[in-house]
Amino acid sequence: MLAEAGVTVVCGGGPGVMEAAARGAADAGGTVVGILPGIDPGEANPYCTHVVATGSGQTRNLAVAASGEVAIAVGGEWGTLTEIAYARNLGRPVIALRSWGVSGIGEMEGGPGVVPAASAAEAVALALDPPAEPRAS
């Protein structure tokens, strides 16, 4: 759905959810950038149309988060949580599809800027037209 809307998909370039997102975008004729933790571009899933081999391990999650205007977090483990944190620190909205819920205290209460989505269609709609950032009072 993102590719059909003309959006370039950036992901970690690996298997699992990353490969599923890349496959969907590639099947729709879209562009997929895979940003790998290792140094071998051959480790990217076959649906990546462009590959960046960083050699930087998990710190490549910052490059993934910084490369988009909006992040869609799907499921995920600790790496996904770091990408959510990086995206928010960079001021990017995060759409969470069956992913992490975050909270905090004070101005971080409720995890500002992290919006849950109930379906892939809703996640894409929110990514294409992200909710406005709440203003500090």
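Numbers for the structure displayed
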| quantity | calculated |
| --- | --- |
| Boolean, Gly12 is under 25 Å from Glu122 (Cβ atoms) and either of a type outside the set (Gly, Ala, Ser) or over 11 Å from the mean Cα position of the chain (by Cα) (or both) | no |
| Lone qualifier among Thr49, Thr8, Thr82, Thr31 - being surrounded by fewer than 19 Cβ atoms within 10 Å (Cβ to Cβ), at pLDDT 95 or above and under 26 Å from Ser103 (Cβ atoms) | Thr82 |
| Filter pass, Ala26 being within 28 Å of Ala132 (Cβ to Cβ) and assigned to a helix (DSSP H, G or I) | no |
| Per-region count, region 64-86, residues over 17 Å from Met108 (Cβ atoms) and assigned to a helix (DSSP H, G or I) | 7 |
| Considering residues of region 95-115 that are more than 20 Å from Val17 (Cβ to Cβ) and among the aliphatic types (A, V, I, L, M) only, the residue most open to solvent (accessible area, probe 1.4 Å) | Ile105 |
| So Val102, is it assigned to a strand (DSSP E or B) and more than 22 Å from Gly24 (Cα to Cα) | no |
| Cross-chain or 6+ apart pairs with Cβ under 8 Å, region 8-23 first and of a type in the set (A, V, I, L, M), then open to solvent by less than 60 Å² (accessible area, probe 1.4 Å) and in a helix (DSSP H, G or I) | Val9/Ala3; Val9/Ala21; Val9/Ala22; Val9/Ala25; Val10/Val64 |
| Residue under evaluation Thr59, criteria (1) touching a Lys or Arg at 6+ places or on another chain (Cβ under 8 Å); (2) surrounded by fewer than 20 Cβ atoms within 10 Å (Cβ to Cβ), criterion not met | (1) |
| Selection count, region 29-63, where residues are in a loop (DSSP other than H, G, I, E, B) and not small (Gly, Ala, Ser) | 10 |
| Those residues of region 4-18 which are touching a Gly at 6+ places or on another chain (Cβ under 9 Å) and part of a loop (DSSP other than H, G, I, E, B), in sequence order | Gly6, Val7, Thr8, Gly12, Gly13, Gly14, Gly16 |
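Each row is one residue, and each column tells you yes or no for (1) more than 16 Å from Ala127 (Cα to Cα); (2) crowded, with 16+ Cβ neighbours inside 10 Å; (3) of a type in the set (A, V, I, L, M).
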position: Ala3; (1), (2), (3): no, yes, yes
position: Asp27; (1), (2), (3): yes, no, no
position: Pro41; (1), (2), (3): yes, no, no
position: Ala44; (1), (2), (3): yes, yes, yes
position: Ala53; (1), (2), (3): yes, yes, yes
position: Ala71; (1), (2), (3): no, yes, yes
position: Trp78; (1), (2), (3): yes, no, no
position: Pro93; (1), (2), (3): no, yes, no
position: Ala117; (1), (2), (3): no, yes, yes
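The values are calculated or read from the model by the stated rules, or taken from the named source; none is laboratory data. Keep in mind that this is a model prediction, so the values were computed, not measured. Glycine also receives a Cβ, built like all others from the backbone with ideal geometry; neighbour counts cover every protein chain displayed. Accessible surface areas use protein heavy atoms only, side chains included; no ligands, DNA or RNA. Shrake-Rupley method; radii C 1.70, N 1.55, O 1.52, S 1.80 Å.
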